[in-house]
Amino acid sequence: MTTTLQEDTQLEADKRSIVESEAAMPRTASRAAATTTSSRKTLHRIVLTGFMGAGKSTVGRLLAERLGWQFLDLDTLIEERTGLTIAQVIERDGEAAFRRLESQALATALGRKQVVLALGGGVAEILTNRLLLEQTPATLTVFLDAPFAVLVERCLQQENAAVRPFLADRARAEARYHRRLPHYARIARIRIDTTSLNADTTVAYLLDKIAQEKLVIQPVAGNLR
Ligand code: S3P
């Protein structure tokens, strides 16, 4: 991935702000309390990864609602920042430029707490992004998996879906899918085969897994339903 100096500097600053916000607490009772809760593996964010059509946004929205957390869609964040749709960004500036915006948006999004974050399908393919995800504390990454044919079918069923430029050429899309699978699997602690699940049953399955793994979710002001 090639980046300009200015973009690199922005990315580094974004990464630093994450590390600093985690380390900024004073050495007082509150820091001690944070240490105790972190040893019980408290989660501050849940990240959903997987290919286009995996259900990241639908499941993410529902999960956030269940937890009383904020839902964030990385593509939406990029669209807000650029004032363009993802398809327009890719058409105007090319894929490499889009990926740089995506990495910057990811660094910002990972600085938020009590958030469910839906990634774009290509995020896991970039090494910087994988490192960022792996190194951000209190972050659970979940891989929503399904066979390529199922994912394409789901995308085609979505009437009001955003235009997905990388789905148009089916053979290249399938190659992307196979190239990305090991990356999705490597960054995720939990993998869910969603082939025969809907959004509701996926969320139920995930909440069950989180409980089994003894991960602690902090509701916002007792919002947990
Ligand atoms: C992409 C997936 C899209 C979007 C962009 C590129 C990809 O997000 O980020 O069109 O490379 O797989 P969704 O996975 O949410 O469709």
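Of note:
Okay, residues lined up against (1) out of contact with any Pro (no Cβ under 9 Å at 6 or more places or on another chain); (2) among the aromatic types (Phe, Trp, Tyr); (3) closer than 27 Å to residue 217 by Cβ:
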{"position": "47", "(1), (2), (3)": "yes, no, yes"}
{"position": "50", "(1), (2), (3)": "yes, no, yes"}
{"position": "61", "(1), (2), (3)": "yes, no, yes"}
{"position": "66", "(1), (2), (3)": "yes, no, yes"}
{"position": "79", "(1), (2), (3)": "yes, no, no"}
{"position": "87", "(1), (2), (3)": "no, no, no"}
{"position": "95", "(1), (2), (3)": "no, no, no"}
{"position": "120", "(1), (2), (3)": "yes, no, yes"}
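- In the stretch 66-79, the residues that are assigned to a helix (DSSP H, G or I) and within 14 Å of the ligand (Cβ to nearest atom): 74, 75, 76, 77, 78, 79
- The lone exception for residue 178 - which of (1) more than 16 Å from the ligand (Cβ to nearest atom); (2) surrounded by fewer than 14 Cβ atoms within 10 Å (Cβ to Cβ) it fails: (1)
- Looking across 199, 173, one residue alone is under 17 Å from the mean Cα position of the chain (by Cα) and surrounded by 15 or more Cβ atoms within 10 Å (Cβ to Cβ). It is 199.
- Residue check, residue 112 of a type in the set (D, E, K, R), surrounded by fewer than 17 Cβ atoms within 10 Å (Cβ to Cβ) and not in a helix (DSSP H, G or I): yes
- Inter-residue pairs, beta-carbon under 8 Å, first within 18 Å of residue 126 (Cα to Cα) and in the stretch 86-101, second β-branched (Val, Ile, Thr) and buried (at least 21 other Cβ atoms within 10 Å of the Cβ), 6+ apart: 97/89; 98/86; 98/89; 101/89
- Candidate set: the stretch 121-134, residues that are farther than 19 Å from residue 63 by Cβ and not aliphatic (A, V, I, L, M); chosen: the one surrounded by the fewest Cβ atoms within 10 Å (Cβ to Cβ): 134
- Qualifying residue in the stretch 188-196 (condition: within 12 Å of the ligand (Cβ to nearest atom) and closer than 27 Å to residue 104 by Cβ): no
- Candidate set from the stretch 75-107 (those that are in contact with a Lys or Arg (Cβ under 9 Å, 6 or more places away or on another chain) and closer than 25 Å to residue 43 by Cβ); member that is surrounded by the most Cβ atoms within 10 Å (Cβ to Cβ): 105
- Residue 155 satisfies every condition listed in (1) farther than 19 Å from residue 42 by Cβ; (2) surrounded by 15 or more Cβ atoms within 10 Å (Cβ to Cβ); (3) modelled with pLDDT under 95 except (3).
- None of 53, 68 is on the phi > 0 side of the Ramachandran plot, crowded, with 23+ Cβ neighbours inside 10 Å and at pLDDT 95 or above except 53.
- Residues of the stretch 109-134 satisfying the condition of being more than 15 Å from the ligand (Cβ to nearest atom) and touching a strand residue (DSSP E or B) at 6+ places or on another chain (Cβ under 9 Å): 110, 112, 113, 114, 115, 133, 134
- Set 137, 147: member being away from the ligand (no atom under 14 Å from the Cβ), farther than 26 Å from residue 108 by Cβ and exposed (fewer than 15 other Cβ atoms within 10 Å of the Cβ): 147
- Summed over the stretch 158-216, the residues that are part of a helix (DSSP H, G or I) and not small (Gly, Ala, Ser) give a count of 28.
- When the test is whether a residue is of a type in the set (Gly, Ala, Ser) and away from the ligand (no atom under 11 Å from the Cβ), residue 60 does not pass it.
The values are calculated or read from the model by the stated rules, or taken from the named source; none is laboratory data. These numbers come from a predicted model, not from an experiment. Counting neighbours? That spans all protein chains shown, and the Cβs are built from the backbone with ideal geometry, glycine included.
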